[in-house]
Structure formats: structure tokens, C-alpha cells
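Visitor: This is the structure I have questions about; it appears just below.
Since every read-out is calculated from the coordinates, none of them should be taken as a lab result. Nothing here was measured: the structure is a model prediction, and the numbers come from that model. Please note: Cβ atoms are built from the backbone with ideal geometry, for glycine as well, and neighbour counts cover all protein chains shown.
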Amino acid sequence: MISDLTTPQLELHDLMSSMSEQAWSAGWMRGLEYELWRAVQSPAYKVGRLQLSPTQCDRLRQLSEKCGGWIAFDDQLEESFVPQSQWLTRYEDWESSR
């Protein structure tokens with residue numbers, strides 16, 4: 001839950017949510033965490049109607065490194081922190097299911 005996030009995690013969450021608003025006019029679009037992670041891996045990636053710059057992608061990467069993971073949506077807990085190793089597994093599973 002958002003209330004459980006540390007300050008660095010909340011900073012990452014807020015940037016991700018802001019990008020979701022810019023891309024889809026939604027506070028947290030379904031699949032946002034995966035699309036933004038893909039953007040971190042491939043700078044200048046387009047998410048919704050938002051063309052992310054390399055600077056924006058670098059900022060996401062920096063915040064992820066600072067908190068040691070990523071923010072993902074969970075139907076029960078809503079936006080929650082996922083440690084890096086767990087996130088990478090989750091992302092790989094998502095990629096292989098596409």
C-alpha cells in the first residue's frame with residue numbers, strides 16, 4: 001500500500017503515477033509498471049501518448065536503484081514496493097506471457 005512506502009519508494013511511485021497521468025490520464029494505468037520498466041531498458045520509449053526522454057528514463061532508473069526495487073500494482077495491496085530480484089522475475093514472466 002502507498003502508506004507502507006518509504007520516502008525513496010514514494011518518490012518512485014509519485015514519478016510513475018505522474019507519468020501514467022501524462023500517458024493515459026489515469027493515476028495508475030493497468031500494466032504501467034511493466035511499460036515503464038521497458039522504458040528504463042530502452043530509453044526514448046513511448047508509453048501511451050507520452051514519449052519518454054532518456055532523461056526521464058534515467059530518473060526512473062536512479063530512483064529504482066535508490067530504493068532497491070520497483071513499484072507494482074497488486075489487486076489487494078494496490079501500489080506496493082517489490083524488491084529488485086522479485087521484480088525482475090515478475091517482469092520476465094510478464095514478457096514471456098505476451
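Visitor: Given points 7 Å out from each Cα along the Cα-Cβ axis, report the Ile2 to Leu88 separation in nanometres with one decimal.
Guide: Rounded to a tenth, the inter-label distance reads 3.0 nm.
Visitor: Using DSSP to define loop residues, name the trypsin sites (Lys or Arg not before Pro) in segment 1-47 whose beta-carbon has at most 14 other beta-carbon atoms within 10 Å. Can you show the working numbers first?
Guide: Working: sites: Arg30, Arg38, Lys46; in loops: Arg30.
Answer by residue number: Arg30.
Visitor: So if each residue of separation counts as 0.36 nm, and I subtract the Cα-Cα distance between Glu21 and Arg98, what length gain in nm does that give?
Guide: This chain segment gains 25.3 nm when fully extended.
Visitor: Also, I was wondering about something else. Whole number please: convex hull volume per residue, Cα atoms of the chain, in Å³. Kindly include the intermediate steps, with their values, before the conclusion.
Guide: Numbers: hull volume 8.9 nm³, N = 98.
Normalising the Cα hull of the chain by residue number yields 91 Å³.
Visitor: Right, here's the next one. From the helices alone, meaning DSSP H stretches of at least four residues, give me the mean residue ellipticity at 222 nm for the chain, per-run term -39500 (n - 2.57), in deg cm²/dmol to the nearest 500.
Guide: -18500 deg cm²/dmol
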